[in-house]
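The values are calculated or read from the model by the stated rules, or taken from the named source; none is laboratory data. All values reported here derive from a predicted model rather than from experimental measurement. Note that we place each Cβ from the backbone using ideal geometry, even for glycine, and neighbour counts take in every protein chain shown. In case anyone asks, the SASA skips ligands and DNA or RNA and just uses the protein heavy atoms, side chains included. Shrake-Rupley method; radii C 1.70, N 1.55, O 1.52, S 1.80 Å.
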Amino acid sequence: MRDFFFNASAMEIMLSGLVFFFCMYFLFCLLNIAFSSRIFPAFKKGRVLDARPIDNHQLQREIGLSLVTITIFGLGVIFPWGLLQLGWAQLAENPSLLQITIEIILLFFWNELHFYISHRLLHTPWLRRFHKVHHQSMTTTPWTTYSFHPIESMMLGSVLILPMLVHEFSVQALFSVPVFSFMINQIGHANYDWFPESQFFLFQGARRHQQHHEKIHGNFGFALDWLDRWLKTDLSEKNNQR
Ligand SMILES: [Zn+2]
Ligand SMILES: [Zn+2]
């Protein structure tokens, strides 16, 4: 994978990016729907988080916007690739499993920070008009996952640029970021609490993001709540104060 990333032409890298994001989006949205709308309800497991119906054109709008995001993310692979071609970034050679694991953990926390900062900026008066596109989905669906204005897609898609400039990451760790980020986002927009008793951070994160779509003014974090708690934007604490 490292050699491919280094040696591919610009056209090959962008085409691979498009195919990758397109397949990941449609495959996992369909799986998510199968589990949250069919399999779990059939076994009376879990519960719907927000029972309000979605608006008439929501799915059409979400899939249309997601196709634009897929195009931006897919073609955007040219930027990390370009950093390598320019010699501004390097990829680790023969990384050990330990190195890959530590890098994935570091990138996980960086992704949390990058998302929180981007998301709070998107809620400021200057950028709110772009983010309201995502918030048109009051009741979320798996298709909401990539339903962004192009400006928001570019902001979120820039997550790897800074880390690559300061450290030689393994290609595996870099590749893990869009994958785990997408999975967490899928769980967060499923509008389904798979395991209501579970305090596992992924399911708590999903409940928190659903609350964010419902109440807007808080829960800006991604999978974890530490930044929301630290910066006093946690909705459960705000509700308790009332
Ligand atoms: Zn928001
Ligand atoms: Zn959302």
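Worth a mention:
- Criterion violated by LEU156 - all others in (1) within 12 Å of ligand 1 (Cβ to nearest atom); (2) open to solvent by 60 Å² or more (accessible area, probe 1.4 Å); (3) closer than 22 Å to GLU103 by Cα satisfied: (2)
- Per-region count, the stretch 163-211, residues open to solvent by 20 Å² or more (accessible area, probe 1.4 Å), within 23 Å of PHE73 (Cβ to Cβ) and modelled with pLDDT under 90: 1
- Conditions (1) under 17 Å from the mean Cα position of the chain (by Cα); (2) open to solvent by less than 60 Å² (accessible area, probe 1.4 Å); (3) more than 16 Å from ligand 2 (Cβ to nearest atom); number of the one not met by PHE109: (2)
- The stretch 114-149 - residue that is over 16 Å from GLN210 (Cα atoms) and without any contact (Cβ under 8 Å) to a residue 24 or more places away in the chain and, of those, nearest to ligand 1 (Cβ to nearest atom): ARG128
- Flag for LEU224 being open to solvent by 30 Å² or more (accessible area, probe 1.4 Å), within 16 Å of ligand 2 (Cβ to nearest atom) and free of Cβ contacts under 8 Å to residues at least 24 places away in the same chain: no
- In the stretch 112-131, the residues that are within 16 Å of ligand 2 (Cβ to nearest atom) and under 13 Å from the mean Cα position of the chain (by Cα): GLU112, HIS114, PHE115, TYR116, SER118, HIS119
- All told, GLN186 meets the bar of being in contact with a Cys (Cβ under 9 Å, 6 or more places away or on another chain), touching a residue at least 24 places away in the same chain (Cβ under 8 Å), of a type in the set (S, T, N, Q) and within 15 Å of ligand 2 (Cβ to nearest atom).
- Residue match in the stretch 80-97 (condition: of a type in the set (Phe, Trp, Tyr) and open to solvent by 80 Å² or more (accessible area, probe 1.4 Å)): yes
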